[in-house]
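Structure first, commentary second.
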Amino acid sequence: MVTRSSMPDFEEYIQEIACLWETHWLTNMGEKHQRFESDLKQYLHVDNVALFTNGHNALECVIEAMGLKGKVITTPYTFASTTHAIVRKGLTPVFADISPETYTIDPSKIESLIDDETCAILPVHVYGNLCDVDEIQRIADKHGLKVIYDAAHAFGVMRDEKSAACFGDASMFSFHATKVFNTIEGGAVCFSDPDLLELLNQWKNFGITDTESVEYVGGNAKMNEFCASMGICNLRHVDEEMMKRQKVVERYREHLSGHEGIKLCAEQPGVKPNYAYFPVVFTEEFGATRDQVYEALMRKNIHPRKYFYPLVSDFECYRDVFSSDKTPVAKYVSDRVLTLPLYADLSLDVVDDICRIVLTCVQKADTL
Ligand code: T4K
């Protein structure tokens, strides 16, 4: 499979949740929730964190709590959630093209898309590749825009001793089962303005401000105590998990680097990666298409994924409104990318097999 959830030892988790049978306090910002929030602050080097049921609800809540209206400049090269959050909150996404190196939003494409209705930029740290945060901030400051990062893939990524959580006005993390760090389902927002905390806590709890007053039409997006407990346990092991992932990535690189037609993400200077995904772009020079490689792996019961294909702007629900022709780099990458299996306990022998299958696709395509 493309990934496999990291889990603590059964005994460790049981020990963590045992006290819930005494307190019977299962949700609504209980003891585990508070403890996990404080552990996260320390791990991510931030002062402000709010926890959520999942990353998507976290994104919707932060958009709502910031009171954004109008247009949001974002990327079509992402998971459905990023664009859906913008649209579901009544805003209009405006797609900028991506960088051919990091697959994150290309800052040189942002300014020409800004107009009087633009209120924010919502870039995505795709695969854990850090966006050009300095240039994005320069543009946002010049035009008075908010910056919210979709950092769903970027847990544990650091730049010059600063965590990915520290950039922009806010960053959303996903703690879904498929992520480097998971709380089963879960998410968080890290943010710079401390006044946002109360608002986020109210928005995720029906807009309730105290037992007798409800000030906003909020939803329900509170992380429960079992998920928070999973977070407490998994956080103890996340660095070790990333080190194991690093070994898998290094093995992939040994096999696949330098092959004609195989494009791998370069390491980013000054950035400590989290080894979240292993995307490979198969260009024309490779001799077999991405889809031929995908089929060859699937025939051997290996399940890579085409993250992110199709582009969001090509989804049935958006394609009448947007055109992927306007973001040619994103379209090019999306048509050629495959994310290969990657998780902490993936055996290096399996990585060897996967690479052998990938590389023999060329010989097979030659004989067709
Ligand atoms: N922004 C971005 C950029 C995102 O990538 C995401 C989520 C979000 C926002 C929203 O965050 P959340 O609201 O989800 O917290 C998966 C995940 O469901 C989704 O969280 C993730 N991005 C996306 C990239 O991938 P699927 O539909 O591809 O997942 P699924 O069920 O096919 O699982 C993939 C593989 O993971 C399986 O083949 C095996 C493994 N797996 C899966 C599950 C569910 C496990 O090992 N354990 C599990 O429990 O969307």
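The values are calculated or read from the model by the stated rules, or taken from the named source; none is laboratory data. Treat the numbers as computed from the prediction; the structure is a model and nothing was measured. Positions of Cβ are generated from backbone atoms using ideal geometry, with glycine treated the same way; all protein chains shown enter the neighbour counts. Ligands, DNA and RNA are stripped out before the accessible areas are found, and what is left, the full protein with its side chains, is counted by its heavy atoms. Shrake-Rupley method; radii C 1.70, N 1.55, O 1.52, S 1.80 Å.
Values for this structure:
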| read-out | value |
| --- | --- |
| Candidate set: segment 235-292, residues that are farther than 12 Å from Tyr127 by Cβ and among the aromatic types (Phe, Trp, Tyr); chosen: the one farthest from the chain's Cα centre (by Cα) | Phe286 |
| Segment 198-210 residues that are over 11 Å from Phe52 (Cα atoms), paired with ones that are part of a helix (DSSP H, G or I) (beta carbon under 9 Å, 6 or more apart) | Leu199/Cys61; Leu199/Glu64; Leu199/Ala65; Gln202/Ala65; Ile208/Gln202; Thr209/Glu198; Thr209/Gln202 |
| Total residues in segment 300-325, condition away from the ligand (no atom under 11 Å from the Cβ) and in contact with a strand residue (DSSP E or B) (Cβ under 7 Å, 6 or more places away or on another chain) | 3 |
| Inter-residue pairs, beta-carbon under 6 Å, first of a type in the set (Lys, Arg) and in segment 66-82, second assigned to a loop (DSSP other than H, G, I, E, B), 6+ apart | Lys71/Glu117 |
| Residue tally, condition part of a loop (DSSP other than H, G, I, E, B), more than 10 Å from the ligand (Cβ to nearest atom) and open to solvent by 10 Å² or more (accessible area, probe 1.4 Å), over segment 140-179 | 7 |
| Cβ pairs under 8 Å, 6+ apart, first in segment 219-248 and outside the structural domain of Gly207 (by TED's automatic domain parsing) and over 19 Å from Val49 (Cβ atoms), second among the β-branched types (Val, Ile, Thr) and in a helix (DSSP H, G or I) | Val248/Val351 |
| Strands (runs of 3 or more DSSP E) enclosed by segment 49-136 - at least 1 residues per element that are open to solvent by 40 Å² or more (accessible area, probe 1.4 Å) | 71-74, 92-95 |
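Matching residues to (1) under 28 Å from Ala120 (Cβ atoms); (2) of a type in the set (Phe, Trp, Tyr); (3) touching a helix residue (DSSP H, G or I) at 6+ places or on another chain (Cβ under 7 Å):
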site	(1), (2), (3)
Arg4	no, no, no
Asp9	no, no, no
Tyr13	no, yes, yes
Gly30	no, no, yes
Gln34	no, no, no
Leu44	yes, no, yes
Leu51	yes, no, yes
Glu64	yes, no, yes
